[in-house]
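The structure appears right after this line, and notes come after that.
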Amino acid sequence: MIHLIAENMAPIMFCSLVVFLLIGYPVAFSLAANGLMFFVIGVELAPFSGNAINLSWPLLYAMPERLWGVMSNETLLAIPFFTFMGIVLERSGMAEDLLDTIGQLFGPIRGGLAYAVIFVGALLAATTGVVAASVIAMGLISLPIMMRYGYDRRVASGVIAASGTLAQIIPPSLVLIVLADQLGRSVGDMYAGALIPGLFLTALYASYILAMSIFKPASMPALPLEARTLGHGVTSLIIALIVAGSIAYTAHVLLTPAVGVNADIWGATVGVVVIYAFAVIDRGMKFGIMSRLAQQVIIVLIPPLALIFLVLGTIFLGIATPTEGGAMGAVGALAMAAAKGRLSYAVTRSALIATTKLSSFVMFILIGARVFSLTFYGVNGHVWVEHLLTSLPGGATGFLIVVNILVFFLAFFLDFFELAFIIVPLLAPAAEILGIDLIWFGVLLGVNMQTSFMHPPFGFALFYLRSVAARVPYIDKVIGKKIEPVTTAQIYWGAVPFVLIQVLMVGILIFFPQMVMHYKGKVVDPSTIKIELPQMPGLGAPLGMPAPDNGTAPAAPQPGNNLSAPPSFN
């Protein structure tokens, strides 16, 4: 019996961890306690394991070095930077301004407010990277407006929760930083690979709203005329965009001789700056050249877009590392909050407290995972997982399907940080053995883990929305009517269609990997490569090439030269 237990320590240890988590112990302490407990058991059972257990007491001396490796990891520094940036932006009122402006822009069409929530959710994801901040901000601002004008509560709650979770997959996502670290890959490559899938998922959300507006138009009516406070002015906005595009193209042509391949970026920057300055001057001087709607859209949209370029653009162009990009984003968020007059001691203090809490949470889980992995590797757990996963039928595709089903069901119980620190290190070696690109694998897992925020009944996005949604009837101050509350069941049922959309997105990524693999750039065909070596004066033909035939025979060796003897150096 002892031999059987010793030879199967890895599965016993893994099942024990699952039991600890299901009981409800904190994840970080469950990992650490499980690792230390089984370390003691493993040392005692090592003589009975037939070399299946490689644990001894001196191995504990490696633990401080492993923990120091966690503390000195510069990649993880990006997490507090991006968290701080997102919370400062959320406190500065950027989400409120964006939702109000985009809601007015899309208001005249059915489902306009839902489109605005999706679009703003994607923008907040690209600037904050924090799910809680996005969901809470949109729930506080847009949910009462959608209820005021007759939106179906399930549609309204579902689209808010789902749009908030876009911060999971659209860079600069915190989970992508953690996945890149756990997979041993570049954060910049992970961001580049996740960008198109994130935008495509946003388009799928918008397609669902379009279908609902066609088949169930009563569930999402257009804004009434009296609610459109910015009036009309779409034509003015279109003209302003055309003018900005013309200026950008002209600047691109003029700057190409000076800056070369980056002329398109500089040209776009010139066009955006000119149209933004014109809108600010037009509003300040009250010239009335642009409509109020065009002014508001340009003035509200361009600063967050500029911040996105400051963070992601510098990372993609190779100018800054993700950590440096996060630092610039944090400074940019402070500058934007100060420009709006909303930067105060209270805002900075609350942002620092929230950042410290989240960073400590991540660090403690990572330390617990290091303790667990030391023992798990000592009982050859990684070998057991590799054999289990690489022997699945269907090769790489079968592996991806089974792993994604496993992660989908584990997401009912575990947070995405917990999944990233516990499951991903076990799956990555098997994926690499099967020849799966780890950036593609990481983006797949990122989209799948996104459902952990949406799963009823444990989805955190649903909890965030429940905390800010009305629980009792109230009188709306604008229309003076009684508004019924949003029930928990309506929030849960509203999330189900978006969970199915995310599952569909996982399938699309499995069968169309090029959506992620574009991060490698254009593949060069080796047969088209031609190497030309220069002619060397006095040496004849280039190295490895036949000598040119000029009609003369090569010189014969001179008499008296003994070519078989070694040379004399006198």
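The values are calculated or read from the model by the stated rules, or taken from the named source; none is laboratory data. This structure is a prediction, so every number in the text was calculated from the model and none was measured. Counting neighbours? That spans all protein chains shown, and the Cβs are built from the backbone with ideal geometry, glycine included. Accessible surface is based on the protein model in full, side chains and every heavy atom, while ligands, DNA and RNA are left aside. Shrake-Rupley method; radii C 1.70, N 1.55, O 1.52, S 1.80 Å.
Points worth noting:
- Each residue in region 399-413 was checked for being more than 20 Å from the chain's Cα centre (by Cα), under 20 Å from Leu438 (Cα atoms) and either among the hydroxyl-bearing types (Ser, Thr, Tyr) or open to solvent by 10 Å² or more (accessible area, probe 1.4 Å) (or both), and 4 pass.
- For Thr83: the one exception among (1) surrounded by 24 or more Cβ atoms within 10 Å (Cβ to Cβ); (2) of a type in the set (Ser, Thr, Tyr); (3) within 20 Å of Arg148 (Cα to Cα): (3)
- Applying a threshold of 8 Å to beta carbon distances and a minimum spacing of six or more residues, or different chains, the list of pairs starting in region 173-186 at a residue that is among the acidic types (Asp, Glu) and ending at one that is in a loop (DSSP other than H, G, I, E, B) reads Asp181/Asn73.
- Consider region 1-49 and keep the residues that are polar (S, T, N, Q) and open to solvent by less than 50 Å² (accessible area, probe 1.4 Å). The one that is modelled with the lowest pLDDT is Ser49.
- Members of region 500-519 found to be in contact (Cβ under 8 Å) with a residue 60 or more places away in the chain, under 16 Å from Gly193 (Cα atoms) and in a helix (DSSP H, G or I), listed by number: Met505, Val506, Ile508, Leu509, Ile510, Met515, Val516, Met517, His518, Tyr519
- Count - residues of region 264-302 that are touching a residue at least 60 places away in the same chain (Cβ under 8 Å) and open to solvent by less than 80 Å² (accessible area, probe 1.4 Å): 8
- Ser72 fulfils the conditions (1) under 30 Å from Thr355 (Cα atoms); (2) among the hydroxyl-bearing types (Ser, Thr, Tyr); (3) open to solvent by less than 10 Å² (accessible area, probe 1.4 Å) except for a single criterion, (3).
- Selection from region 389-398 of residues that are touching a residue at least 24 places away in the same chain (Cβ under 8 Å), surrounded by fewer than 19 Cβ atoms within 10 Å (Cβ to Cβ) and among the aliphatic types (A, V, I, L, M): Ala396
- Any hit, region 458-472, residues being among the aliphatic types (A, V, I, L, M), modelled with pLDDT of 85 or more and surrounded by fewer than 16 Cβ atoms within 10 Å (Cβ to Cβ): no
- Members of region 104-138 found to be under 16 Å from Ala156 (Cβ atoms), assigned to a helix (DSSP H, G or I), touching a Ser or Thr at 6+ places or on another chain (Cβ under 7 Å) and open to solvent by less than 10 Å² (accessible area, probe 1.4 Å), listed by number: Val117, Ile118, Gly121, Ser134, Met138
- Odd one out for Ile439 among (1) closer than 15 Å to Leu183 by Cα; (2) open to solvent by 10 Å² or more (accessible area, probe 1.4 Å); (3) assigned to a helix (DSSP H, G or I): (2)
- Count - residues of region 364-408 that are among the aliphatic types (A, V, I, L, M) and either on the phi > 0 side of the Ramachandran plot or not in a helix (DSSP H, G or I) (or both): 2
- Only a single item in (1) open to solvent by 90 Å² or more (accessible area, probe 1.4 Å); (2) in a helix (DSSP H, G or I) is not met by Ala211, and it is number (1).
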